[in-house]
Amino acid sequence: MKFISISEAIKRGKGKVAVRGWIYRERGSNEFKFIVLRDSTDILQCVLKREKFKNQWKDIDALQIEASLEIEGIIKRDKRAITGYEISVDKINIIGTSNEFPIQKDLNEELLGDRRHLWLRSRKMTASLKIRSTVLFAFHEYMRKNGFTEVEAPSLTGATSEGGSETFEVKYFDKKAYLTQSWQFYAENIINAVEKAYTIAPNFRAERGVTVAGLRTTAFPPAIAGPTL
């Protein structure tokens with residue numbers, strides 16, 4: 001069968017479907033295994049009966065959070081399921097296993113920050129990324145409609161542009177350079193070419209943080225420049 005996204009499977013609501021993703025939550029007994037599968041679009045409960053998977057049950061019973069799976073089965077509405085639907089699984093293909101995923105609900109912000117590459121897989125962090133993407137898309141659309149040109153200023157600069165803040169100094173061959181604090185030096189030149197310009201880019205401030213590295217970068221809102229500056 002052709003694989004579809006979880007959100008598409010939920011919209012379909014009935015019939016046979018094939019989905020794939022990672023285990024978001026799991027629990028079970030001697031007779032059943034309940035897996036909440038996630039992909040980039042949503043999550044969906046999948047129910048596996050032991051009697052259907054006698055030869056695979058040992059492997060299925062050992063599955064943990066973040067194992068990757070391919071699943072085929074019948075989807076139906078069930079109000080008890082986390083998103084209102086569940087799949088009665090007929091076929092499962094274990095792509096990759098996992099062991100003791102180090103993100104639990106009781107971790108504090110500092111420990112979550114140290115595991116950010118894994119924390120990104122949570123629904124909260126995924127939702128934040130999607131909200132940010134939507135906002136930036138709307139910003140791009142608005143700026144283009146109003147005659148602005150998007151430009152990309154360099155991330156390295158030969159001098160500091162903001163007083164009173166610490167900089168990230170880097171070695172640039174035999175010279176000193178800094179991660180940019182602002183694009184204003186470049187904007188002052190760019191507006192003489194295209195007049196109305198904007199950029200969306202990170203700015204770097206060497207501020208003490210709570211991450212394991214002890215430093216953090218600060219991202220500022222999109223910057224706009226025009227001939228009135």
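The values are calculated or read from the model by the stated rules, or taken from the named source; none is laboratory data. Since we're looking at a predicted model, the values are computed, not measured. So basically every Cβ, Gly included, is an ideal-geometry build from the backbone, and we count neighbours across all protein chains shown.
Residues to consider are GLU86, GLU70; find the one that is touching a Lys or Arg at 6+ places or on another chain (Cβ under 6 Å) and closer than 23 Å to GLY13 by Cα.
GLU70
Look through the range 181-229, keep the residues that are among the aromatic types (Phe, Trp, Tyr) and assigned to a loop (DSSP other than H, G, I, E, B), and return whichever of them is modelled with the lowest pLDDT.
PHE220
Among the numbered conditions (1) surrounded by 15 or more Cβ atoms within 10 Å (Cβ to Cβ); (2) over 30 Å from THR83 (Cα atoms); (3) under 30 Å from the mean Cα position of the chain (by Cα), tell me where ARG121 comes up short.
For ARG121, the exception is condition (2).
Report whether or not GLU86 is loosely packed, with under 13 Cβ neighbours inside 10 Å and among the acidic types (Asp, Glu).
No, not satisfied.
Does any residue of the range 19-35 turn out to be over 21 Å from THR97 (Cβ atoms), buried (at least 17 other Cβ atoms within 10 Å of the Cβ) and in the same structural domain as LYS76 (by TED's automatic domain parsing)?
There is no residue in the range 19-35 that is over 21 Å from THR97 (Cβ atoms), buried (at least 17 other Cβ atoms within 10 Å of the Cβ) and in the same structural domain as LYS76 (by TED's automatic domain parsing).
Pick from ALA138, ALA193: which is loosely packed, with under 11 Cβ neighbours inside 10 Å, under 25 Å from the mean Cα position of the chain (by Cα) and of a type in the set (A, V, I, L, M)?
ALA138
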